[in-house]
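Structure, as structure tokens:
The values are calculated or read from the model by the stated rules, or taken from the named source; none is laboratory data. Note that the structure is predicted; figures quoted are calculated from it, not measured. Don't worry about glycine lacking a Cβ; one is built from the backbone with ideal geometry, like all the others, and counts go over all protein chains shown.
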Amino acid sequence: MIKTGEATVVKHTGSHYLLSELPQWNLFPAVLRGKIRLKGSNATNPVAVGDKVSYEYEIPEGTMAQVNEVVTLENPAAITAVQPRRNYIIRKSTNLSRQSHIIAANVDRAFIIATIDFPEIKLPFLDRILVTCEVYNVPVTIVLNKVDLYRESHAEQLEAFHQIYEGAGYPILEVSAKTGEGVEELRAACDGHASLFSGVSGVGKSSLIKALDPSLDPRVGEISDAHLQGKHTTTFYEMYSLASGGFIIDTPGLRGFGLVDLRKEEIALYFPEMLKAAQDCRFTPCTHTHEPGCAVKEAVENGEISFERYSSYLGMLDEESKYR
Ligand code: GDP
Ligand code: ZN
């Protein structure tokens with residue numbers, strides 16, 4: 001007897017996928033049935049973590065067992081279809097590469113982990129990531145970790161950071177994986193959603209995930225059952241189930257996250273505060289650099305748009321022109 005169902009991809013190990021019928025956490029292995037091609041996609045992985053898929057599996061007539069009780073690595077379920085994605089985040093191998101890899105699909109929110117210091121934050125880099133999230137239509141919360149280290153010593157920078165990014169419309173959470181400050185708030189923000197966790201190495205992303213749920217260890221990999229995924233596996237992205245509710249997708253070593261192909265005139269569309277101001281520019285399109293009657297430049301001059309964000313914008317314009 002063939003049974004069918006719907007589940008979410010929580011991990012891809014090269015040869016197999018691990019599925020779970022979220023919000024249940026009932027992991028079972030599956031493979032792709034035939035060729036599944038998504039229209040207009042040249043991604044190296046047609047199915048990604050976060051994808052909602054249809055699956056089927058064989059079960060002896062009259063058996064009442066659940067899918068995760070009968071499906072094994074040797075006898076996996078078959079993924080028969082991928083449901084349309086609400087959104088997805090891709091990574092390109094290089095700026096000029098045509099090939100891309102889907103990091104995650106159907107992401108409710110991205111938590112961008114950063115630190116004002118230890119390591120020192122690079123605002124243009126953060127702005128690139130924020131632009132990427134806007135392009136992919138993923139809402140962002142900025143998580144400032146390690147506040148125990150710099151709240152006092154960098155009070156001014158911290159205050160300025162809030163002004164810049166709350167002014168641009170991004171919520172900010174101050175947390176410390178070390179002292180536990182703000183961790184409960186972050187937990188509550190994760191509950192009931194699928195969230196992407198991203199941040200440059202050293203900001204304490206792994207520590208924070210452990211603080212959210214001590215049973216998780218991102219560096220080791222949560223799902224280590226060999227019978228579910230085979231022995232020698234390379235995996236980059238996986239979804240974790242938080243004991244307090246919600247699912248997170250860790251993105252270790254995200255090189256090139258932040259590289260999106262945008263035409264010059266598109267860039268400002270993904271700075272929410274500029275998009276708003278640009279409605280009053282005299283010319284359309286307006287690059288917001290030299291045009292007379294540019295409402296964005298005016299907003300920068302009177303402090304409604306931060307100079308830092310505007311500088312990042314100019315930097316991105318400049319870089320785009322190098323590649324095109
Ligand atoms: P990752 O590379 O982003 O995963 O960062 P890790 O979780 O490995 O943390 C990098 C370093 O920062 C480690 O030495 C952690 O102990 C330290 N760390 C992480 N979070 C905090 C924090 O909130 N406060 C302090 N003082 N140190 C932290
Ligand atoms: Zn303008």
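What pairs come up if the first residue lies in region 280-297 and is touching a residue at least 24 places away in the same chain (Cβ under 8 Å), the second is more than 6 Å from ligand 2 (Cβ to nearest atom) and assigned to a loop (DSSP other than H, G, I, E, B), and their beta carbons are under 9 Å apart, counting only those six or more places apart or on different chains?
Within 9 Å, the pairs are V296/F271; V296/I305.
Return only the number of the condition from (1) surrounded by 13 or more Cβ atoms within 10 Å (Cβ to Cβ); (2) of a type outside the set (A, V, I, L, M, F, W, C); (3) within 27 Å of F247 (Cβ to Cβ) that P124 does not satisfy.
(3)
Which of the residues spanning region 129-156 are within 24 Å of V107 (Cβ to Cβ) and hydrophobic (A, V, I, L, M, F, W, C)?
Once the filter is applied, which keeps residues that are within 24 Å of V107 (Cβ to Cβ) and hydrophobic (A, V, I, L, M, F, W, C), region 129-156 yields I129, L130, V131, C133, V135, V138, V140, I142, V143, L144.
Condition test on E159, is it in a helix (DSSP H, G or I) and closer than 29 Å to N106 by Cα? Let's see the steps before the verdict.
On the way: in a helix (DSSP H, G or I): yes; closer than 29 Å to N106 by Cα: no.
No, not satisfied.
Is it the case that some residue within region 78-85 is closer than 30 Å to G5 by Cβ, within 21 Å of the chain's Cα centre (by Cα) and surrounded by fewer than 13 Cβ atoms within 10 Å (Cβ to Cβ)?
For region 78-85, residues closer than 30 Å to G5 by Cβ, within 21 Å of the chain's Cα centre (by Cα) and surrounded by fewer than 13 Cβ atoms within 10 Å (Cβ to Cβ): present.
What number of residues within region 282-324 satisfy the criterion of being over 24 Å from C133 (Cβ atoms) and not polar (S, T, N, Q)?
12
Looking only at helices (runs of 4 or more DSSP H) that lie completely in region 214-318, which have at least 3 residues being crowded, with 18+ Cβ neighbours inside 10 Å, at pLDDT 85 or above and more than 16 Å from ligand 1 (Cβ to nearest atom)?
272-277, 295-301
Let me spell it out: the conditions are (1) modelled with pLDDT of 95 or more; (2) assigned to a helix (DSSP H, G or I); (3) of a type outside the set (S, T, Y), and R128 meets all of them except one. Which number is the exception?
Condition (1) is where R128 drops out.
Does S201 satisfy being more than 21 Å from F271 (Cα to Cα), among the hydroxyl-bearing types (S, T, Y) and in contact with an Asp or Glu (Cβ under 8 Å, 6 or more places away or on another chain)? Give the steps one after another, and end with the answer.
Details: more than 21 Å from F271 (Cα to Cα): yes; among the hydroxyl-bearing types (S, T, Y): yes; in contact with an Asp or Glu (Cβ under 8 Å, 6 or more places away or on another chain): no.
So S201 does not fit the description; no.
So in region 118-150, with the set limited to residues that are of a type in the set (D, E) and in contact with a Lys or Arg (Cβ under 8 Å, 6 or more places away or on another chain), which one is farthest from ligand 1 (Cβ to nearest atom)?
The initial filter retains those residues of region 118-150 that are of a type in the set (D, E), namely 120, 127, 134, 148.
Narrowing the set further to residues that are in contact with a Lys or Arg (Cβ under 8 Å, 6 or more places away or on another chain) leaves 127, 148.
Details: D127: 19, D148: 5 Å.
If we take residues in region 118-150 being of a type in the set (D, E) and in contact with a Lys or Arg (Cβ under 8 Å, 6 or more places away or on another chain), then D127 is farthest from ligand 1 (Cβ to nearest atom).
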